[in-house]
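One structure is given below, encoded as structure tokens.
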Amino acid sequence: MFDLLNYNDIIYHIKNYSKIYKLNKTNDWIQVLCPYCDDSTRKEHVSHGHFYISRFFNFCQCFRCDNKNSIKQFLIDINFENKNLLKSIFKYNLDINYSSDFKRGYFDNGEITKKHELFQLEHGKDYHTFINYLHKRIGTVDFERFLLYPVYVDNKLCISFNNSLNEVSTIRFIEDNNIRYYKLQNSVNYFFQKINNQKEIVICEGSIDLINLYKYSTLFNKDETFYIALNGRNYISNLSTIISNDFMIGNYNINIVFDKNIKNIETTKKQIQSKANLLNPSIFTKFYCPTISKDVSEFNQLALI
């Protein structure tokens with residue numbers, strides 16, 4: 001198992017670089033001054049640093065400027081000269097780079113309203129169909145909050161779901177069609193909130209599922225929970241990215257809500273728990289399924305599994 005404290009040359013170099021060097025209470029993170037912002041030039045509160053280096057994982061992060069990096073790149077940036085040692089330690093992840101997808105900012109939600117107004121003006125009958133479909137699937141919905149609006153794809157009426165980065169995360173056909181979702185060139189997660197130190201995370205498969213969980217489920221405190229839909233993408237790989245981006249440090253509860261018809265559910269649960277524990281041992285995972293029908297979005301009660 002990788003343990004940074006076993007490499008005396010590296011620890012010696014870090015201590016020489018930073019006048020602050022502390023292990024946290026659980027001895028799994030090293031606190032130093034950040035080389036990427038003005039952390040080291042502060043005149044006040046220089047008794048602590050904001051840059052945290054993982055002892056057991058190739059990851060580090062500044063809680064002042066939000067820089068995220070691999071330990072390998074951090075050591076290169078602070079002029080550690082033994083490149084052969086770095087290559088031998090990090091031979092399986094030479095070019096790891098971390099960046100947060102959730103902290104790049106919001107866009108003007110009023111643009112969603114403009115899309116609705118224009119569509120309703122030009123396509124009144126189809127807009128009525130769009131609204132009726134949403135009422136059937138979601139109930140009354142705040143379009144600006146959930147960042148959804150009507151579009152045409154191949155002359156078929158659809159719902160487009162933006163995420164809070166103004167990326168089109170998924171497009172769902174409303175009309176009867178052999179394919180429920182339009183295949184986007186770049187698939188991304190759907191989330192409509194700003195990440196703001198929430199300790200509860202809810203993850204499910206579909207965007208409509210997610211909105212219904214937010215609106216109707218009483219299991220989660222929506223003021224303290226961050227909601228993410230994977231849009232049919234792989235649970236394991238996406239969870240790794242989500243944790244690496246924003247949940248590497250700290251205690252979190254991750255709640256995975258499966259559709260009832262998911263295959264190999266016990267194997268998937270074990271893989272998710274293993275991956276989460278590898279990336280952040282302070283993450284606690286729970287798993288839920290609908291109790292009535294197979295689909296989360298059908299206003300179902302949820303049960304722990």
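Bear in mind these aren't lab numbers, they're just calculated from the coordinates by the rules spelled out. For clarity, every value in this text was computed on a predicted model and none was experimentally measured. In this analysis, Cβ positions are derived from the backbone assuming ideal geometry, glycine residues included, and neighbour counts consider all displayed protein chains.
General observations
- Computed from Cα atoms, the angle from the helix 265-279 axis to the main principal axis of the chain rounds to 40 degrees.
- Within the chain, Cys60, Cys158, Cys204, Cys289 have no other Cys Cβ under 4.7 Å of their Cβ and so lack a disulfide-compatible partner by this rule.
- Separation between Cα centres of segment 252-279 and segment 199-225, rounded to whole Å: 16 Å
- When the Cα positions of Phe173, Phe161, Phe192 are compared along the charge dipole of segment 158-201, Phe192 comes out farthest toward the positive end, with charges on each C-beta of Lys, Arg, Asp and Glu.
- Surrounding net charge for Asp9, when Lys and Arg each add one and Asp and Glu each subtract one, Cβ distance under 13 Å: +1
- Evaluated with a Cβ-only charge set (Lys, Arg +1; Asp, Glu -1), the chain carries a dipole of roughly 740 debye about its Cα centre, given to the nearest 20.
- Pairs beyond 32 Å (Cα-Cα), from Lys87/Lys263; Lys222/Lys263; Lys19/Lys222; Lys22/Lys222; Lys136/Lys263: Lys87/Lys263; Lys19/Lys222; Lys22/Lys222
- Of all segments of the chain bounded by GluC sites (Glu not before Pro) found in a DSSP loop with no more than 15 other C-beta atoms within 10 Å, the longest spans 176-297.
- Nearby lysines by direct alpha-carbon distance to Lys114 (threshold 20 angstrom, same-chain neighbours under 8 apart not counted): Lys125
- Stretch gain in nm, segment Lys263-Ile236, where the contour uses 0.36 nm per residue and the Cα spacing is subtracted: 8.3 nm
- Spin-label pair Lys215/Lys83, simplified geometry with 7 Å Cα→Cβ offset, distance in nm: 5.7 nm
- Sparse-neighbourhood loop sites, trypsin sites (Lys or Arg not before Pro) in segment 1-81 - DSSP loop, at most 12 other Cβ within 10 angstrom: Lys19, Lys25, Lys43
- Proportion of all alpha-carbon pairs of the chain beyond 31 Å (%): 41 percent
- Estimated [θ] at 222 nm from DSSP helical runs (n ≥ 4, -39500 (n - 2.57)) normalised by residues in the chain, nearest 500: -9000 deg cm²/dmol
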